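Comments concern the structure below.
The values are calculated or read from the model by the stated rules, or taken from the named source; none is laboratory data. What you see is a predicted model; the values in this text were computed from it and never measured. Don't worry about glycine lacking a Cβ; one is built from the backbone with ideal geometry, like all the others, and counts go over all protein chains shown. Note: accessible area is taken over every heavy atom of the protein model, side chains too, but ligands, DNA and RNA are not part of it. Shrake-Rupley method; radii C 1.70, N 1.55, O 1.52, S 1.80 Å.
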Amino acid sequence: MHVVAKEFASIKSKQDLAKILNTNLSDLLVLGGGSNILLTKDVDALVLHINIKGIEVVSVYENNVRVRVAAGENWHEFVSWCLDKNYGGVENLSLIPGNVGTAPIQNIGAYGVELKDTFISCEAMNIQTQELRAFTKEECDFGYRNSIFKEELKGQYIITSVIFELSSHQHTIKTNYGAIDSKLKNDGIENPTIQDISKAVISIRNSKLPNPKVLGNSGSFFKNPVISYSEFELLKIQFPKIPYYKVSETNVKIPAGWLIETAGFKGKTFGNYGVHNKQALVLVNYGNASGKDILELSEKIQEAILIVFDIVLESEVNIL
Ligand code: EPU
């Protein structure tokens, strides 16, 4: 089902952005690709679609290059550009929907790699003053699906470009995320190139995650919850097969997909929306369901997970 925006503007340059911010009196909703947002009602705001384009190499070192990418570049097109030039570092992040400028906000991550691993800095415009400011990696304060732009500086800046550092010769190949390793073994690939990694990731993603252009979804709806070891030990008594990843000496991360599947929701449909049958962390819109329907389903899941496991699931998607 559609929702309606009060006003919409597609922004093609920093000058356009400064001009519109300077004269705008409405609330703002800033969109990159719009792939990580659930709209539950009409948007009483000026919607800005950041469509500033451009990729350029800014420095060349012996084994690295630094590349500046404008915020409106599509993420996967940037990854493909890197693979064509044989620049390594983002191949594990192949096929993630969305744009480059919004990727740092939630520190996108997949298959053992996060955006912060290749991030050097970004440039962002202050919404109030239209001043441009550079943010270093430290200043962005990246965490799991998090950054300063979702915390202290939420709603204050619009990212206009990002600088990444990529390897140009000796690439660090990251296959330690289970599914990549077994996919490469299956395909008989022993010394994978960054292009092989990208192909493996694309194939794994396609087998689990529905294409948002074909079947409405926002990827993982929830974050994987982090709990203490002591809580984990208790859960393990009741659920001996519970999977986990160690995140520190005191904490473990539990795959939310497993919790949702174990609570019985995987593949369940409710009219024209439901829980994806290949990855329970993804909520899907089969037809004309509304954002409200999806939100209600997510709340139902959160309640069930709290009752069954005593774990609070936080949404990963931005809900409006
Ligand atoms: N699992 C189940 N049932 C399911 C789904 C998952 O039991 O229906 C369990 C399995 O034990 C599996 C484990 O969960 O081994 C991990 O599953 P998967 O590799 O699919 O990853 P995930 O933890 O569910 C995260 C990210 C994804 C990212 C993948 C791969 C979050 C919230 N999600 O999912 O990111 O693609 O890892 O790295 O961290 C996204 O953010 O939108 C997204 C798709």
**OP:** Take Lys223 and decide whether it is open to solvent by 40 Å² or more (accessible area, probe 1.4 Å) and not hydroxyl-bearing (Ser, Thr, Tyr).
**Re:** no
Original post:
Listed residues Asn224, Asn176, Asn146; which is within 14 Å of the ligand (Cβ to nearest atom) and in the same structural domain as Ile127 (by TED's automatic domain parsing)?
Top reply: Asn146
Original post:
Condition test on Glu303, is it out of contact with any Lys or Arg (no Cβ under 7 Å at 6 or more places or on another chain) and in a helix (DSSP H, G or I)?
Top reply: yes
**OP:** Could you tell me whether the stretch 38-49 includes any residue that is more than 23 Å from the chain's Cα centre (by Cα) and open to solvent by 50 Å² or more (accessible area, probe 1.4 Å)?
**Re:** yes
**OP:** Just name the residue that is farthest from Glu299 (Cα to Cα) out of those in the stretch 231-262 that are away from the ligand (no atom under 11 Å from the Cβ) and assigned to a loop (DSSP other than H, G, I, E, B).
**Re:** Glu249
